[in-house]
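Only one structure is covered here, and it is reproduced in the block below.
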Amino acid sequence: MISDPPKSRDWWPDLEDLRLSNTAVIVLNTSIENPPKLVRHLWNNSWLRVTVDGGTNKWHSFVKQNSFDDLKFPDLITGDLDSANPAVVEQFVSMGSTIIPTPNQDETDFTKALKEVKKYSAKNCKSIESIIVMVNMCHRVDHFLSNLNTLYKSKTKDLYFNEDIYLLGRNSLTWLLQAGTHRIHVPQSLRFHPENNYVGFFPMGSACNKCTTTGLKWNLSGNPMEMGGLTSSSNTFNGEPIVTITNTSPLLWTMTMGYEESF
């Protein structure tokens with residue numbers, strides 16, 4: 001069961017404006033394909049930086065491929081470490097990274113990394129507001145679905161995170177909308193170019209008995225949504241500054257971000 005959500009919620013999905021001093025960034029085992037300047041901004045200005053298993057290799061490759069000389073090392077390296085290059089791990093440890101092995105095979109490295117972020121922030125008496133997770137949103141369907149499952153579980157009573165968790169894929173941002181009313185403030189750069197910017201929303205965990213939206217090209221008016229029934233894909237904005245969604249059950253919201261044009 002999803003934990004009781006707030007009745008109303010605002011979202012500002014422009015990562016450039018996110019309050020990074022209260023944010024953690026996690027790099028999973030995925031190629032980092034977002035604009036390097038954006039990645040640098042998110043990584044260097046976040047409070048906590050974590051690489052997960054093979055994501056440590058991918059971060060090392062990103063550092064080598066780009067000419068930034070000020071990229072910070074990971075604060076934590078987590079996972080069962082079966083995919084991480086020992087030489088790369090040793091290099092980051094020499095720079096100050098801390099290794100936290102998480103060998104439990106009953107949970108994904110993503111799930112275990114979220115738990116370590118929670119432990120670390122509690123230990124340091126720090127309140128985290130957001131967690132940005134660089135993930136693989138293509139290539140391997142099993143990884144993609146596993147990441148969505150962890151995102152859903154992050155709001156259950158067994159693994160509850162009060163923090164906002166965003167999945168950052170290549171030029172896309174995805175997060176969970178719990179049952180309630182949501183106002184998504186559309187970045188101005190996306191509002192007036194609907195032909196290049198798409199959104200989708202899908203029921204998660206169960207059917208959504210009723211969903212009502214405004215601000216989209218194709219809005220819903222109290223429609224039921226379920227896998228095998230109605231979902232919304234390849235939707236887009238209608239030029240209004242805010243998209244509203246009222247949903248009776250959790251929805252997965254995903255949107256392209258136009259980073260390739262703005263960076």
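What's the local net charge at Pro86, with K and R +1, D and E -1, over the other residues with C-beta under 15 Å away? Don't jump to the answer; show the numbers that get you there.
Details: positive: none; negative: Asp53, Asp80, Asp82, Glu90.
Local charge sum for Pro86: -4.
Which value, in debye to the nearest 20, describes the size of the charge dipole of the chain about its Cα centre when Lys and Arg Cβ atoms bear +1, Asp and Glu Cβ atoms bear -1, and nothing else is charged? Walk me through the intermediate numbers first.
On the way: 24 positive and 27 negative charges, 97 e Å.
That gives a dipole near 460 debye.
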Could you work out what % of the accessible surface of segment 82-187 is carbon and sulfur, using a 1.4 angstrom probe and leaving DNA, RNA and ligands out of the count? 51
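Per DSSP H run of n ≥ 4, the term is -39500 (n - 2.57); total these for the chain, divide by its residue number, and report the mean residue ellipticity at 222 nm rounded to 500 deg cm²/dmol. Before the final figure, lay out each step's value.
Numbers: 7 runs with 67 residues, N = 263.
Helices in the chain give a 222 nm mean residue ellipticity of -7500 deg cm²/dmol.
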Under the 7 Å Cα-to-Cβ spin-label approximation, Glu226 and Asn238 lie apart by a distance in nanometres of 2.7
On a 0 to 90 degree scale, rounded to 10, what angle separates helix 109-123 from the longest Cα axis of the chain? 80
For the charge dipole of the chain, defined by +1 on Lys and Arg C-beta atoms and -1 on Asp and Glu C-beta atoms about the Cα centroid, which residue among Thr214, Tyr198, Ser146 has the Cα displaced farthest towards the positive pole? Thr214
Could you grab the relative contact order for the chain? Cα pairs under 8 Å, six or more apart, rounded to a whole percent. 21
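Using per-residue counts of other Cβ atoms within 10 Å, averaged over each peptide, order 197-206, 46-55, 228-237 from highest down. Provide the component values of the computation, followed by the final result.
Numbers: 197-206: 19.6, 46-55: 24.9, 228-237: 14.9.
Going by the mean number of other Cβ atoms within 10 Å, highest first, we get 46-55, 197-206, 228-237.
All other residues with a Cβ under 14 Å from the Cβ of Leu48 taken together, and with Lys, Arg as +1 and Asp, Glu as -1, what is their net charge?
Numbers: positive: Arg19, Arg49, Lys72, Lys115, Lys118, Lys119, Lys123, Lys126; negative: Asp75, Glu116, Glu129, Glu163.
With Lys, Arg at +1 and Asp, Glu at -1, the neighbours total +4.
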If one compares the long axis through the Cα atoms of helix 86-95 with the longest principal axis of the Cα atoms of the chain, the angle in degrees, nearest 10, works out at 80
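Please give the contour-minus-distance gain from Cys125 to Leu145: 0.36 nm per residue of separation, less the Cα-Cα distance, rounded to one decimal in nm. Before the final figure, lay out each step's value.
Numbers: separation 20, 0.36 × 20 = 7.20 nm, distance 3.28 nm.
Gain on extension, Cys125 to Leu145, equals 3.9 nm.
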On a straight-distance basis, which aspartates and glutamates could pair with Lys112 in a cross-link, Cα separation under 19 angstrom, same-chain partners fewer than 8 positions away excluded? Asp53, Asp75, Asp80, Asp82, Glu129, Asp142, Asp158, Glu163, Asp164
Quick one: angle between helix 36-45 and the longest Cα principal axis of the chain, in degrees between 0 and 90, rounded to 10, please. 70
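Given a Förster distance of 30 angstrom, what is the FRET efficiency for Thr156 paired with Gln188, based on the Cβ-Cβ distance and rounded to 0.05? Walk me through the numbers on the way to the answer.
Details: r = 35 Å, r/R0 = 1.17.
The computed FRET efficiency comes out at 0.30.
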I'd like the antiparallel share, as a percent to the nearest 5, of DSSP beta bridges with both residues in the chain. 55
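Please calculate how many Å² of accessible area the chain carries per residue, with a 1.4 Å probe and no DNA, RNA or ligand atoms counted. Walk me through the numbers before you get to the answer.
Values: 12520 Å² over 263 residues.
About 48 Å² of surface per residue is accessible.
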Above-threshold pairs, the threshold being 29 Å between Cα atoms, out of Lys58/Lys157; Lys72/Lys118; Lys37/Lys217; Lys64/Lys123; Lys119/Lys210: Lys58/Lys157; Lys37/Lys217; Lys64/Lys123; Lys119/Lys210
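The values are calculated or read from the model by the stated rules, or taken from the named source; none is laboratory data. Remember, it's a predicted structure, so these values are computed and weren't measured experimentally. Note that we place each Cβ from the backbone using ideal geometry, even for glycine, and neighbour counts take in every protein chain shown. Heavy atoms of the whole protein, side chains included, go into the accessibility calculation; ligands, DNA and RNA do not. Shrake-Rupley method; radii C 1.70, N 1.55, O 1.52, S 1.80 Å.
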